[in-house]
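Single-structure report; data block below.
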Ligand SMILES: Cc1cc2nc3c(=O)[nH]c(=O)nc-3n(C[C@H](O)[C@H](O)[C@H](O)COP(=O)(O)O)c2cc1C
């Protein structure tokens, strides 16, 4: 990978935040004490862009994340800790959705935000299939039910389906399916889980409801007709999936959860 780091010596105050924050110690000082990229960066740089992003003087530029196209952190729009706490605690798994579809732009926006979830070695291994068409979501739910019928599990859920009630994907109009090539990340489960958690919370911040689709992910592991229906690249595995839509009901209370189990040392 070609990579070039340039330092504006007029601006650099030699604070060395770039050196301290580089995850693999790929920056050191040149003879005059300015930061420079070590040769090892060619092999080991994970393209995180932290060196450029942490520089308080805008003195450092790097080809893998150019300064000019990297947005400034806008502290004025950051939510308070209280607002974040409410968002996190009030998020619920939604199991009844309105038929009203979500605008394409909103779905695109939350997918865009999900790109900023952490990933192992910044490998950004995550891919998505966003099923926008509610009929397609229902088709996938039907295939999961077919699978359950075949392996004789969840009879109640099958009965409900036969009576026109979808307890697999809950009649959600949309479904985000998260997949990755396990050969492209050391931690694809974590990469996909975190990206989906970001998608989930971002969806909530837009007034959407969501629910993790565990039944579907299980079926993806084993049921060929479902695998065929999705037609992912052969090396890819589905790790997580999220139902999405506008919630029919609003939750008034935050339900109780267990106390944090922590050993303080
Ligand atoms: C990996 C995972 C898979 C899940 N799969 C399903 C599912 O298939 N159907 C469902 O209704 N809820 C599913 N859930 C939602 C959980 O049941 C829910 O998070 C839990 O009951 C707590 O409720 P809350 O999310 O509203 O706090 C899943 C959650 C996780 C983390």
Given (1) within 16 Å of the ligand (Cβ to nearest atom); (2) in contact with a helix residue (DSSP H, G or I) (Cβ under 9 Å, 6 or more places away or on another chain); (3) farther than 22 Å from residue 133 by Cα; (4) in a loop (DSSP other than H, G, I, E, B), where does residue 186 come up short, assuming only one miss?
(1)
In the range 206-225, how many are in a helix (DSSP H, G or I), in contact (Cβ under 8 Å) with a residue 12 or more places away in the chain, out of contact with any strand residue (DSSP E or B) (no Cβ under 9 Å at 6 or more places or on another chain) and surrounded by 15 or more Cβ atoms within 10 Å (Cβ to Cβ)?
2
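I'd like the residue in the range 85-101 that is more than 16 Å from the ligand (Cβ to nearest atom) and loosely packed, with under 13 Cβ neighbours inside 10 Å and, out of all such residues, is nearest to residue 169 (Cα to Cα). Can you show your working first?
Let us first name the residues in the range 85-101 that are more than 16 Å from the ligand (Cβ to nearest atom), namely 98-101.
Narrowing further to those that are loosely packed, with under 13 Cβ neighbours inside 10 Å: 99-100.
Details: 99: 13, 100: 16 Å.
Once the filter is applied, the top-ranked residue is 99.
Would you check which residues across the range 59-69 are loosely packed, with under 13 Cβ neighbours inside 10 Å and assigned to a loop (DSSP other than H, G, I, E, B) and list them? Reasoning before the result, please.
Residues of the range 59-69 that are loosely packed, with under 13 Cβ neighbours inside 10 Å, as a first pass: 66, 68-69.
The one that is loosely packed, with under 13 Cβ neighbours inside 10 Å and assigned to a loop (DSSP other than H, G, I, E, B): 66.
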Of the criteria (1) in a loop (DSSP other than H, G, I, E, B); (2) at pLDDT 95 or above; (3) more than 27 Å from the chain's Cα centre (by Cα), which one residue 2 fails:
(2)
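Residues checked against (1) closer than 26 Å to residue 116 by Cα; (2) within 25 Å of the chain's Cα centre (by Cα):
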| site | (1), (2) |
| --- | --- |
| 9 | no, no |
| 19 | yes, no |
| 24 | yes, yes |
| 27 | yes, no |
| 47 | yes, yes |
| 52 | yes, yes |
| 60 | yes, no |
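The values are calculated or read from the model by the stated rules, or taken from the named source; none is laboratory data. Given the structure is predicted, the values throughout are model-derived calculations rather than measurements. As a convention, Cβ positions derive from the backbone with ideal geometry for all residues, glycine included, and neighbour counts pool all protein chains shown.
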